[in-house]
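Colleague: Please read through the structure below; I'll follow up with questions.
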Amino acid sequence: MIAQPIRLLSIALAVLMAAAAPAAAQRTQQTQRAPPLQYDDLRLATIVDLEYRIDPNWSFHLDSQLKIDDDISRLRDLEVRPGFEYTFSRNWAVAAGYVQYQRYVTGLRTQRGPFQDILYRTYFDRIEVIGRLRTEELFYEDGALLGRARTQLGAYFPIGDLPWTFDLSDEVYFNLKVDGTGREAGVHENKAYTGLSWHFTAGARMSVGYELDTYDQLGQLRNEHTFKLSFAYSLN
(Lines give C-alpha, C1' and ligand atoms only; values in the text may rest on other atoms or scores of the structure.)
Protein backbone atom coordinates (compact mmCIF):
# COMPACT_ATOMS: atom_id res chain seq x y z
CA MET A 1 0.00 0.00 0.00
CA ILE A 2 2.79 2.41 0.83
CA ALA A 3 5.36 1.17 -1.68
CA GLN A 4 4.62 3.83 -4.28
CA PRO A 5 4.78 6.86 -1.92
CA ILE A 6 7.97 5.54 -0.31
CA ARG A 7 9.47 5.05 -3.77
CA LEU A 8 8.64 8.65 -4.65
CA LEU A 9 10.22 9.88 -1.44
CA SER A 10 13.32 7.79 -2.16
CA ILE A 11 13.61 9.51 -5.53
CA ALA A 12 13.30 12.90 -3.81
CA LEU A 13 16.12 11.90 -1.45
CA ALA A 14 18.32 10.94 -4.40
CA VAL A 15 17.62 14.28 -6.07
CA LEU A 16 18.61 16.15 -2.92
CA MET A 17 21.90 14.26 -2.71
CA ALA A 18 22.60 14.84 -6.40
CA ALA A 19 22.08 18.58 -5.94
CA ALA A 20 25.22 18.66 -3.82
CA ALA A 21 27.41 17.08 -6.52
CA PRO A 22 28.85 20.40 -7.80
CA ALA A 23 30.52 20.78 -4.42
CA ALA A 24 33.03 18.05 -5.30
CA ALA A 25 35.17 20.42 -7.34
CA GLN A 26 35.07 23.01 -4.57
CA ARG A 27 36.12 20.41 -2.00
CA THR A 28 39.09 19.38 -4.16
CA GLN A 29 40.28 22.99 -4.33
CA GLN A 30 40.20 23.26 -0.53
CA THR A 31 42.19 20.12 0.31
CA GLN A 32 45.32 22.13 1.12
CA ARG A 33 43.93 24.16 3.99
CA ALA A 34 41.47 23.99 6.87
CA PRO A 35 38.54 26.43 6.93
CA PRO A 36 39.38 29.74 8.61
CA LEU A 37 37.79 30.41 11.96
CA GLN A 38 35.19 33.10 11.27
CA TYR A 39 33.11 34.94 13.81
CA ASP A 40 29.74 36.55 13.10
CA ASP A 41 29.59 34.66 9.80
CA LEU A 42 26.59 35.34 7.55
CA ARG A 43 24.91 32.20 6.22
CA LEU A 44 21.96 31.06 4.13
CA ALA A 45 19.99 27.86 4.71
CA THR A 46 17.37 26.45 2.33
CA ILE A 47 15.09 23.83 3.85
CA VAL A 48 12.62 21.35 2.33
CA ASP A 49 10.39 19.23 4.58
CA LEU A 50 8.13 16.57 3.06
CA GLU A 51 5.53 14.44 4.85
CA TYR A 52 3.53 11.42 3.75
CA ARG A 53 0.79 10.18 6.11
CA ILE A 54 0.58 6.39 6.00
CA ASP A 55 -2.43 6.07 8.33
CA PRO A 56 -3.93 8.11 11.21
CA ASN A 57 -0.97 7.21 13.45
CA TRP A 58 2.04 6.67 11.19
CA SER A 59 3.75 9.17 8.87
CA PHE A 60 6.99 9.28 6.89
CA HIS A 61 9.13 12.44 6.85
CA LEU A 62 11.99 13.54 4.65
CA ASP A 63 13.71 16.73 5.85
CA SER A 64 16.69 18.37 4.18
CA GLN A 65 18.77 21.51 4.68
CA LEU A 66 21.43 22.98 2.41
CA LYS A 67 23.69 25.58 4.04
CA ILE A 68 25.97 28.19 2.46
CA ASP A 69 28.52 29.94 4.71
CA ASP A 70 31.50 32.33 4.47
CA ASP A 71 29.23 35.37 4.01
CA ILE A 72 26.97 33.34 1.68
CA SER A 73 29.75 32.47 -0.77
CA ARG A 74 30.69 28.81 -0.06
CA LEU A 75 28.71 25.59 0.04
CA ARG A 76 29.15 24.22 3.55
CA ASP A 77 26.97 21.16 4.12
CA LEU A 78 23.84 19.22 3.29
CA GLU A 79 21.68 17.66 6.01
CA VAL A 80 19.29 14.87 5.00
CA ARG A 81 16.96 13.33 7.61
CA PRO A 82 14.45 10.58 6.64
CA GLY A 83 12.37 9.12 9.46
CA PHE A 84 9.05 7.75 10.67
CA GLU A 85 6.73 9.34 13.23
CA TYR A 86 4.09 7.61 15.36
CA THR A 87 1.34 9.70 16.98
CA PHE A 88 -0.10 7.88 19.97
CA SER A 89 -2.32 10.62 21.46
CA ARG A 90 -3.67 14.05 20.63
CA ASN A 91 -0.58 15.74 22.03
CA TRP A 92 2.24 13.20 22.00
CA ALA A 93 4.29 11.52 19.29
CA VAL A 94 7.60 9.74 18.87
CA ALA A 95 9.87 9.56 15.84
CA ALA A 96 13.05 7.83 14.74
CA GLY A 97 15.21 7.68 11.64
CA TYR A 98 18.60 8.39 10.11
CA VAL A 99 20.49 11.64 9.58
CA GLN A 100 23.55 12.52 7.53
CA TYR A 101 25.48 15.78 7.74
CA GLN A 102 27.47 15.81 4.49
CA ARG A 103 30.32 18.35 4.76
CA TYR A 104 31.90 20.09 1.78
CA VAL A 105 34.62 22.14 3.48
CA THR A 106 38.02 20.64 4.27
CA GLY A 107 38.51 20.28 8.01
CA LEU A 108 34.82 19.56 8.65
CA ARG A 109 33.99 15.88 9.08
CA THR A 110 30.87 14.18 7.71
CA GLN A 111 28.58 12.75 10.40
CA ARG A 112 25.85 10.13 10.13
CA GLY A 113 23.75 8.00 12.43
CA PRO A 114 20.33 7.37 14.01
CA PHE A 115 18.12 9.89 15.80
CA GLN A 116 15.11 9.61 18.11
CA ASP A 117 12.43 12.21 18.96
CA ILE A 118 9.77 12.77 21.59
CA LEU A 119 7.30 15.46 20.49
CA TYR A 120 4.56 17.36 22.29
CA ARG A 121 2.00 19.57 20.52
CA THR A 122 -0.76 21.68 22.01
CA TYR A 123 -2.78 24.87 21.44
CA PHE A 124 -3.51 27.91 23.59
CA ASP A 125 -6.50 29.41 21.83
CA ARG A 126 -5.07 29.70 18.25
CA ILE A 127 -1.40 29.68 19.28
CA GLU A 128 0.34 26.41 18.46
CA VAL A 129 3.13 25.27 20.78
CA ILE A 130 5.52 22.42 19.92
CA GLY A 131 8.18 20.92 22.15
CA ARG A 132 10.76 18.37 21.04
CA LEU A 133 13.48 16.31 22.69
CA ARG A 134 15.86 14.80 20.12
CA THR A 135 18.82 12.49 20.67
CA GLU A 136 21.42 11.75 17.99
CA GLU A 137 24.28 9.22 17.80
CA LEU A 138 26.61 10.64 15.13
CA PHE A 139 29.50 8.60 13.72
CA TYR A 140 32.39 10.43 12.06
CA GLU A 141 34.37 9.21 9.06
CA ASP A 142 37.43 8.64 11.27
CA GLY A 143 35.55 6.59 13.88
CA ALA A 144 34.80 9.34 16.39
CA LEU A 145 31.37 9.32 18.04
CA LEU A 146 29.22 12.23 19.18
CA GLY A 147 26.16 11.50 21.29
CA ARG A 148 24.02 14.54 21.99
CA ALA A 149 20.55 15.71 23.02
CA ARG A 150 18.65 18.69 21.63
CA THR A 151 15.65 20.37 23.30
CA GLN A 152 13.50 22.72 21.22
CA LEU A 153 10.46 24.82 22.08
CA GLY A 154 8.53 26.66 19.36
CA ALA A 155 5.40 28.82 19.22
CA TYR A 156 3.40 29.88 16.15
CA PHE A 157 1.18 32.96 16.45
CA PRO A 158 -1.55 33.54 13.82
CA ILE A 159 -1.70 37.05 12.38
CA GLY A 160 -5.35 38.06 12.44
CA ASP A 161 -7.43 36.16 9.91
CA LEU A 162 -4.57 36.03 7.40
CA PRO A 163 -2.93 32.72 6.39
CA TRP A 164 0.27 33.90 8.12
CA THR A 165 1.94 33.05 11.41
CA PHE A 166 4.72 34.70 13.40
CA ASP A 167 7.13 31.97 14.46
CA LEU A 168 9.50 31.79 17.43
CA SER A 169 11.69 28.91 18.57
CA ASP A 170 14.77 28.16 20.64
CA GLU A 171 16.89 25.00 20.65
CA VAL A 172 19.66 24.01 23.08
CA TYR A 173 22.29 21.35 22.28
CA PHE A 174 23.87 19.14 24.97
CA ASN A 175 26.95 17.03 24.20
CA LEU A 176 26.74 13.73 26.07
CA LYS A 177 29.40 11.49 24.49
CA VAL A 178 32.35 13.15 22.76
CA ASP A 179 34.83 10.34 22.06
CA GLY A 180 37.40 11.51 19.50
CA THR A 181 35.40 14.56 18.47
CA GLY A 182 37.54 17.25 20.10
CA ARG A 183 34.43 18.61 21.84
CA GLU A 184 33.58 18.89 25.51
CA ALA A 185 30.57 17.37 27.23
CA GLY A 186 27.82 19.72 28.43
CA VAL A 187 25.87 22.60 26.91
CA HIS A 188 27.42 23.34 23.53
CA GLU A 189 25.08 25.40 21.37
CA ASN A 190 21.93 27.54 21.28
CA LYS A 191 19.82 28.41 18.24
CA ALA A 192 17.22 31.19 18.50
CA TYR A 193 14.87 31.67 15.52
CA THR A 194 12.23 34.18 14.49
CA GLY A 195 10.34 34.30 11.21
CA LEU A 196 7.10 34.44 9.23
CA SER A 197 5.21 31.57 7.60
CA TRP A 198 2.67 31.73 4.79
CA HIS A 199 0.21 28.81 4.96
CA PHE A 200 -0.90 29.10 1.36
CA THR A 201 -2.87 25.85 1.25
CA ALA A 202 -3.78 22.99 3.55
CA GLY A 203 -0.64 21.04 4.38
CA ALA A 204 1.77 23.48 2.74
CA ARG A 205 3.69 26.51 3.95
CA MET A 206 6.62 28.72 3.04
CA SER A 207 8.74 30.44 5.70
CA VAL A 208 11.43 33.07 5.88
CA GLY A 209 13.33 33.96 9.02
CA TYR A 210 16.53 34.65 10.90
CA GLU A 211 18.46 32.37 13.25
CA LEU A 212 21.14 33.37 15.74
CA ASP A 213 23.42 30.40 16.45
CA THR A 214 25.73 30.78 19.47
CA TYR A 215 28.14 28.01 20.44
CA ASP A 216 31.47 27.24 22.02
CA GLN A 217 34.40 27.11 19.58
CA LEU A 218 37.83 26.40 21.05
CA GLY A 219 36.82 27.88 24.38
CA GLN A 220 35.26 31.03 22.89
CA LEU A 221 31.64 31.86 22.15
CA ARG A 222 31.01 32.12 18.42
CA ASN A 223 27.99 33.60 16.64
CA GLU A 224 26.55 32.73 13.25
CA HIS A 225 23.76 34.68 11.55
CA THR A 226 21.63 32.54 9.26
CA PHE A 227 18.81 33.57 6.94
CA LYS A 228 16.49 30.62 6.47
CA LEU A 229 14.14 29.90 3.56
CA SER A 230 11.82 26.93 4.16
CA PHE A 231 9.19 24.95 2.28
CA ALA A 232 7.05 22.29 3.96
CA TYR A 233 4.52 20.13 2.15
CA SER A 234 2.27 17.18 2.97
CA LEU A 235 2.06 14.72 0.08
CA ASN A 236 -1.46 13.61 0.98
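The values are calculated or read from the model by the stated rules, or taken from the named source; none is laboratory data. Owing to the predicted nature of the structure, the values given are computational and were not obtained by experimental measurement. Here Cβ is always computed from backbone atoms with ideal geometry, including for glycine, and neighbour counts include all displayed protein chains.
Colleague: Which ones in region 199-220 are surrounded by 14 or more Cβ atoms within 10 Å (Cβ to Cβ), more than 18 Å from the chain's Cα centre (by Cα) and under 22 Å from V48 (Cβ atoms)?
Modeller: The answer is H199, and nothing else.
Colleague: Looking at Y86, Y98, can you tell me which residue is in a strand (DSSP E or B), within 16 Å of the chain's Cα centre (by Cα) and more than 23 Å from M206 (Cα to Cα)?
Modeller: So the residue among Y86, Y98 that is in a strand (DSSP E or B), within 16 Å of the chain's Cα centre (by Cα) and more than 23 Å from M206 (Cα to Cα) is Y98.
Colleague: Which residue out of E79, E128, E51 is in contact with a His (Cβ under 7 Å, 6 or more places away or on another chain), closer than 29 Å to W164 by Cβ and in a strand (DSSP E or B)?
Modeller: E51
Colleague: Follow-up. Residue check: is Q65 closer than 23 Å to Y210 by Cα, surrounded by 14 or more Cβ atoms within 10 Å (Cβ to Cβ) and without any contact (Cβ under 8 Å) to a residue 24 or more places away in the chain?
Modeller: So Q65 passes the test.
Colleague: List the number of the failed condition for T31; all other conditions in (1) among the hydroxyl-bearing types (S, T, Y); (2) modelled with pLDDT of 95 or more; (3) part of a loop (DSSP other than H, G, I, E, B) hold.
Modeller: With (1) among the hydroxyl-bearing types (S, T, Y); (2) modelled with pLDDT of 95 or more; (3) part of a loop (DSSP other than H, G, I, E, B) applied to T31, the lone miss is (2).
Colleague: For region 105-120, give me each residue that is out of contact with any Asp or Glu (no Cβ under 6 Å at 6 or more places or on another chain) and modelled with pLDDT of 95 or more.
Modeller: Hits for region 105-120 are Q111, R112, Q116, D117, I118, L119, Y120.
Colleague: Every residue in region 70-80 that is touching a Ser or Thr at 6+ places or on another chain (Cβ under 9 Å), surrounded by 19 or more Cβ atoms within 10 Å (Cβ to Cβ) and of a type in the set (D, E, K, R), please.
Modeller: The one that is touching a Ser or Thr at 6+ places or on another chain (Cβ under 9 Å), surrounded by 19 or more Cβ atoms within 10 Å (Cβ to Cβ) and of a type in the set (D, E, K, R): D77.
Colleague: Still on this structure: Do any strands (runs of 3 or more DSSP E) entirely within region 137-236 hold 1 or more residues that are of a type in the set (A, V, I, L, M, F, W, C) and within 18 Å of R43 (Cα to Cα), and if so, which?
Modeller: 186-201, 204-217, 220-234
Colleague: Return a yes/no flag: does region 153-166 have any residue that is surrounded by 14 or more Cβ atoms within 10 Å (Cβ to Cβ), over 27 Å from D71 (Cα atoms), touching a helix residue (DSSP H, G or I) at 6+ places or on another chain (Cβ under 8 Å) and not β-branched (V, I, T).
Modeller: Checked region 153-166: no residue is surrounded by 14 or more Cβ atoms within 10 Å (Cβ to Cβ), over 27 Å from D71 (Cα atoms), touching a helix residue (DSSP H, G or I) at 6+ places or on another chain (Cβ under 8 Å) and not β-branched (V, I, T).
Colleague: Within region 91-126, count every residue that is on the phi < 0 side of the Ramachandran plot, without any contact (Cβ under 8 Å) to a residue 12 or more places away in the chain and of a type in the set (D, E, K, R).
Modeller: Residues in region 91-126 being on the phi < 0 side of the Ramachandran plot, without any contact (Cβ under 8 Å) to a residue 12 or more places away in the chain and of a type in the set (D, E, K, R): 0 in total.
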